[in-house]
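Remarks on the structure that follows.
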C-alpha cells in the first residue's frame, strides 16, 4: 500500500507513537504532582500569596515544637539546608521569626517565632485545616484515612 504523504528526500518520517507500556497519566509521580498543583491552588486561594506552603510549614512546625535549630527545623519540615535557610531568611526579614543563641550550646542558633509569627500561625491554622479538608474532599472518610496511611507508608 502506497503512503499518501510524500517524504522529502533525506528527511526521516516522524516516528509513530511508541506502544510502550509507560503511560504518563498512570505514573505515581505525575499523579502526585497534579494533586500537589490542586492543593497549592487551594492554598493560594485561601491563604493568599503572602505566605508560601514552605513558609507555612516552617511557621506551623515552630508553633508546634517551639524554638529549634535551623538544621532541626529543616529535618522536621523535609527541607534541605539551602531551602530552609532561604525560608527562615525571608520569614525573619518579615519579622515572623528570630534567632537567638542556644543556652546549651553557644555555637548553635535557635529559630523561634516572634509575637507576630505566633499570631500569624494561630490565625492561619484554621484555614490550613480547611485546605486539607478541601484537598481530600473527593474522598469519603474511610478513603481519606486509607490515603493518609498509604502516603505515610511511602515516605
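Structure data summary
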{"quantity": "Calculated FRET value between residue 116 and residue 80, using beta carbons and R₀ = 30 Å, to 0.05", "calculated": "0.70"}
{"quantity": "Per-pair calculated FRET efficiency, R0 = 30 Å: residue 22 and residue 52 via Cβ, rounded to 0.05", "calculated": "0.40"}
{"quantity": "Exposure proxy order (Cβ contacts within 10 Å, fewest to most) of 81, 124, 28", "calculated": "28, 81, 124"}
{"quantity": "Additional length obtainable on full extension of the chain from residue 30 to residue 71, 0.36 nm per residue less Cα span", "calculated": "11.8 nm"}
{"quantity": "Among 129, 109, 24, residue whose mean-square fluctuation peaks in a GNM of the chain (springs only between Cα atoms under 10 Å)", "calculated": "24"}
{"quantity": "Contour minus Cα-Cα distance for residue 145 and residue 44 (0.36 nm per residue)", "calculated": "33.9 nm"}
{"quantity": "Residue among 127, 100, 20 with the largest mean-square fluctuation in a Gaussian network model of the chain, springs linking Cα atoms under 10 Å", "calculated": "20"}
{"quantity": "Base-10 log of normalised Debye intensity for the stretch 52-135 (one unit scatterer per alpha-carbon) at q = 0.14, 0.20 Å⁻¹", "calculated": "-0.44, -0.87"}
{"quantity": "Cα-derived Rg to Rh of the stretch 21-78, Kirkwood definition", "calculated": "1.14"}
{"quantity": "Gain in span if fully extended, residue 137 to residue 102, counting 0.36 nm per residue against the direct Cα distance", "calculated": "8.3 nm"}
{"quantity": "Radius of gyration and maximum dimension Dmax of the chain, Cα, Å", "calculated": "23.4, 84"}
{"quantity": "Protection-proxy order for peptides 52-64, 68-80, 142-154, each taking the mean of Cβ atoms within 10 Å per residue, highest first", "calculated": "52-64, 68-80, 142-154"}
{"quantity": "Contact order relative to length of the stretch 52-135, as percent, for alpha carbon pairs under 8 angstrom and 6 or more apart", "calculated": "31 percent"}
{"quantity": "Candidates 42, 131, 31, ranked by Gaussian network fluctuation over the chain, Cα under 10 Å, top entry", "calculated": "31"}
{"quantity": "Degrees between helix 81-93 axis and first principal axis of the chain (Cα, 0 to 90, nearest 10)", "calculated": "50 degrees"}
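Computed from the coordinates by the stated procedures, all read-outs in this text should not be read as laboratory data. This is a predicted model, so every value here is computed, not measured. When we count neighbours, we look across all protein chains shown, and the Cβ atoms used for this are built from the backbone with ideal geometry, even at glycine.
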